[in-house]
Amino acid sequence: QNYANASDRVSAVNAAVCGADGPATLYVDAAHPTAEAASIDKRDFEADPSAFARVDVTCLSLESLWRRHVAPWLPDRVDILQLDTEKLEHAIILATNFSRLAPRPDHVLYESVHLSDEEYLAVREHLRHHGYSSFWKWPGCGEAEHDTLASHVDARRD
């Protein structure tokens, strides 16, 4: 519905992005099941189990999503990959072999405000292993250091 009148460069994919392909349970706000707040991380809803509803979903790894829905449409270049996956960014990034993403995104912007120090360092090291050499804290949601922008050493700067 939000993208009904968007350009032909936007397409809806009826799947969740996860660390691996397969089925998963998505937890949604029971009072507002179509709201943006949803997560595969059950911990967000454990305080009041009656406040959430369970929805069975199909998960795609980032590599599968890329192969099926990005590469066919953007075979030459992807400027930026933006991840905001409700606290699963680290799991998705760590499960992704970025050398298999063709074309490789020049920049990766991911929500990092919720990561522990250990998770943050593991994500940086993983991205560094795949050629991302510059990292900047990025503002978002009213916070000065909400996200992290990682740039590949070979990223085009134009």
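The values are calculated or read from the model by the stated rules, or taken from the named source; none is laboratory data. Note that this is a predicted model, so its numbers are computed, not measured. All Cβ positions, glycine included, derive from the backbone under ideal geometry; neighbour counts span all protein chains shown. Side chains are part of the model used for accessible areas, which takes the heavy atoms of the whole protein and leaves out ligands, DNA and RNA. Shrake-Rupley method; radii C 1.70, N 1.55, O 1.52, S 1.80 Å.
Observations
- Table column - 3J(HN,Hα) (Hz), the range 99-115, Karplus curve with 6.51, -1.76, 1.60, x for Gly and Pro: 6, 8, 7, 10, x, 6, x, 5, 9, 10, 10, 9, 5, 10, 4, 8, 6
- Cβ-defined net charge surrounding residue 122, 12 Å radius [Lys, Arg +1; Asp, Glu -1]: -3
- If the chain linking residue 14 and residue 116 were pulled fully straight, counting 0.36 nm for each residue of separation and taking away their Cα-Cα distance, it would gain 33.7 nm.
- Residue 41/residue 153 FRET efficiency (R0 41 Å; Cβ-Cβ; nearest 0.05): 0.80
- Estimated FRET transfer efficiency when R0 is 25 angstrom, pair residue 95-residue 56 (beta carbons, to 0.05): 0.75
- Share of carbon and sulfur in the accessible heavy-atom surface of the chain [1.4 Å probe, %]: 50
- In this structure, the amide hydrogen of residue 138, modeled 1.01 Å from its nitrogen in the peptide plane, lies closer than 5 angstrom to those of 146, 147, 148, 149, counting only residues at least 5 positions away or on a different chain.
- Each Cα pair under 8 Å and six or more residues apart adds its sequence gap; the mean of these over the residue count of the range 77-158 is a relative contact order of 31 percent.
- Neighbour net charge for residue 94 - beta-carbon separation under 12 angstrom, K R +1, D E -1: -3
- Measuring only protein heavy atoms, the 1.4 Å probe finds residue 94 accessible over about 70 Å².
- Within the chain, antiparallel bridges make up roughly 75 percent of the DSSP beta bridges whose residues both belong there.
- Taking a ≥ b ≥ c as the square roots of the eigenvalues of the alpha carbon gyration tensor, the range 75-150 is prolate, as a/c is not under 1.5 and a/b beats b/c.
- Between residue 40 and 27, the built amide H atoms are under 5 Å apart, and every one of these is 5 or more places off in sequence or on another chain.
- Among residues other than residue 60 with Cβ under 14 Å from its Cβ, the summed charge is +1 (Lys and Arg +1, Asp and Glu -1).
- Positive-end residue, the chain charge dipole about Cα centroid, Cβ charges, pick of 40, 60, 71: 71
- Mean separation of Cα contacts under 8 Å, 6 or more apart, over the residue count of the chain: relative contact order %: 19
- Helix 117-129 and the longest principal axis of the C-alpha atoms of the chain enclose an angle of approximately 40°.
- Taken about its Cα centre, the chain carries a charge dipole of roughly 620 debye when the Cβ of each Lys and Arg holds +1 and the Cβ of each Asp and Glu holds -1.
- One entry in (1) 51; (2) 43; (3) 55 is percent of Cα pairs over 20 Å apart calculated from the shown coordinates; its label is (3).
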